[in-house]
Amino acid sequence: MKGKVYLIGAGPGDLGLIALKAVEALKHADTVVFDRLINPDILKWAPSGAEFIDVGKFPKDHPVPQSKINHILYTKALEGKNVARLKGGDPFVFGRGGEEALYLRQNQIPFEIICGVTSAVAVPAYAGIPVTHRYAASSVHIITGHEKDGGSSIDFEALAKLKGTLVFLMGICNLDNIANSLIKYGKSPDTPAAVIMKGTTPGQKTVVGTLSNIGDKVRQAGIKNPAVIVIGQVVNLRDELSWYEEGKLFGKRILFLGTGFSDEPTPRRDLPFNELKQEGAEVIICPTLKISSQAENVKGFINEIADCDILIFTSKNGVNAFISCMKENKIDARYLSGKQIWAIGEKTGEELSKAHIYPDVVPKVYTSKALLSCIEKEHFGKSAAVITSDIGGAELIAGLENCGLKAKKITAYKNEPNFEIKEELLEKIQDGIDVAVFTSPSSFDFMCKILNDDMTGFKNVKIAAIGPVTKAALEKAGRNVDIIPQEYTIEGLSRAILAYYIDKEGDFK
């Protein structure tokens, strides 16, 4: 049975602009064929076992020719696979989606078009430029700035006579020719023009000028592809309508290192970072820790749980490992009857609550020291099990024993360096980051192992730590910590970073 090909518009870059229908198609994809101009986070909606084929194309550099891309779509569908073909913007607006659809139809392969938000409209909008306006432009014309080999078919004489807005896509290499040709055929050299690079992303950069000087201004500003060119009176509205680039953290790149972040780019995952994103920051998530369950340890402990009075969970990961083991062994919450449940951290407590296990003790400060301060006389002589990682719990267990409790460690999961992200991490660092955020001592230790202790990319980077334990570990390694939150959570960290860059009057430092 033949599969089906979904020609999907991935939008212009802002992850929030992708269609719900596109997300659903990705979730059921067996094969994902994608171009360069997509937000890589989009790929995380596809199943982890899906096949990913990169056919990324650059202007004047097509490593995978269109004929081969067509054949890939055809052969994968013949194998019975659901194929998600991801294209930047909209597949039918200079995305060669029409060519691919015709090829599939000629070869009797079922397909579906899932429209995307075109960069021709979204990118100018994010620069504060409406492509139409009642008093400035009653029409908009979208033109490719990068045609097939063999000469131009663009009628610049006709375009120069138009009163509406001209939007050129993929035209940076031909910008001088575009401007000069329009002037040659009668367009005023003083016609407003704008070029927007990396539109709808935190890397957005906008240059405004006129047809006579836009080329020089673009070169001076270092503008490169991907970029959108807008020509017309609507460009003048940018002074009043600019909004996206007004954020107090616009252009700041904030790298979160650690674990506990969902891979799926959902609104729930982004919730802790919303304040940063709303102020224009680019939030980059790189999990330097890889979690592997130690189910046998938990299973063995569950069989001996009758001898334990207090269960202490130090993280969400420990909760998840414990609950998973209970489910696998068909054990429900009744098995915990009579046990006290303690948790370090609000998020750890929330994770327990999802399983209808409500902790008796959650200290206001999310540290082992704070938990130990909750011990009372009635706890003396009780037995406690600390459910933690292979590298955690030593300080807490020693503290429990000093307070008169019998304590033992249950290794529920193992922390390991996530070497799989090395290439991605190096790329992010080379692109430049403003703040590196560490969510545990291990997040720093493992990052050092992944990078072979090469910290040259962090010379001018601000360092943020989630709490005093992580801060102490960083300082012990010779790293100055610039930012630490009052509340030791990701949300608290986000607020602390925002506060660091904004003074009491709300002005940018």
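Observations
- If R0 is 35 Å, the Cβ-Cβ spacing of residue 36 and residue 491 corresponds to a FRET efficiency of close to 0.55.
- Principal semi-axes of the equivalent ellipsoid, √(5λ) from the alpha carbon gyration tensor of the range 292-417, are 20, 16, 15 Å from largest down.
- Global form of the range 73-181, assessed from the alpha-carbon gyration tensor, a/c cut-off 1.5: prolate
- Among 129-138, 110-119, sorting by the average number of other beta carbon atoms lying within 10 angstrom of each residue, highest first, gives 110-119, 129-138.
- Taking every DSSP beta bridge that has both ends in the range 292-417, the antiparallel portion is near 10%.
- Approximating the spin labels as points 7 Å out from Cα along Cα→Cβ, the residue 152-to-residue 454 distance works out to 4.3 nm.
- Inter-probe distance in nm under a simple model that places probes 7 Å from Cα toward Cβ, at residue 394 and residue 339: 2.6
- Order of 15, 86, 102 under a 10 Å beta carbon neighbour criterion, fewest first: 102, 15, 86
- With a Förster radius of 56 Å applied to the beta-carbon distance between residue 416 and residue 248, the computed FRET efficiency rounds to 0.90.
- Note on residue 112 and residue 220: the model spin-label points, each 7 Å out from Cα along the C-beta direction, lie 5.1 nm apart.
- Euclidean distance between Cα centres, the range 6-26 to the range 33-103, Å: 13
- Lysine pair count for the range 1-47 (Cα-Cα distance under 17 Å; residues 8 or more apart in sequence or on different chains): 4.
- Over all pairs of different C-alpha atoms in the chain, the reciprocal of the mean inverse distance, the Kirkwood hydrodynamic radius, equals 26.2 Å.
- Residue-wise HN-Hα couplings along the range 207-216, as the Karplus relation 6.51 cos²θ - 1.76 cosθ + 1.60 with θ = phi - 60° gives them from phi, are 10, 10, x, 10, 4, 6, 10, 4, x, 5 Hz; Gly and Pro carry x.
- Antiparallel bridge percentage (DSSP; both residues within the range 121-246; nearest 5): 75
- Per-residue [θ]222 nm for the chain (sum of -39500 (n - 2.57) over DSSP H runs n ≥ 4, rounded to 500): -9000 deg cm²/dmol
- Rounded if a/c under 1.5, otherwise prolate or oblate - the range 121-246, Cα gyration tensor axes: oblate
- D_trans [Stokes-Einstein, Kirkwood Rh over alpha-carbon pairs] for the range 4-117, 4 °C, 1.567 mPa s, µm² s⁻¹: 95
- Difference of contour (0.36 nm per residue) and Cα-Cα distance, residue 477 to residue 290: 65.1 nm
- Computed FRET value (nearest 0.05) for residue 177 with residue 28, which takes r as the C-beta separation and R₀ as 41 Å: 0.40
- Only beta bridges with both residues in the range 373-509 are counted; by DSSP, about 10 percent of them are antiparallel.
- For residue 380 and residue 2, the difference between the fully extended length at 0.36 nm per residue and the C-alpha to C-alpha distance is 129.3 nm.
- Mean Cα-pair separation over length for the range 55-187, i.e. relative contact order, pairs under 8 Å, 6 or more apart, %: 17
- Straight-line cross-link partners of residue 462 among the lysines, defined as a Cα under 24 Å from its Cα and at least 8 positions apart when in the same chain: 205, 248, 252, 277, 422, 428, 449, 471, 476, 504, 509.
- At full extension, residue 328 and residue 426 could sit 31.4 nm farther apart than now, given 0.36 nm per residue minus the alpha carbon distance.
- Based on Cα contacts under 8 Å between residues 6+ apart, the range 4-117 shows a relative contact order of 43 percent.
- Relative contact order (%) - the chain, alpha-carbon pairs under 8 angstrom, separation at least six: 11
Coordinate-derived values only; no laboratory data. All values reported here derive from a predicted model rather than from experimental measurement. Glycine also receives a Cβ, built like all others from the backbone with ideal geometry; neighbour counts cover every protein chain displayed.
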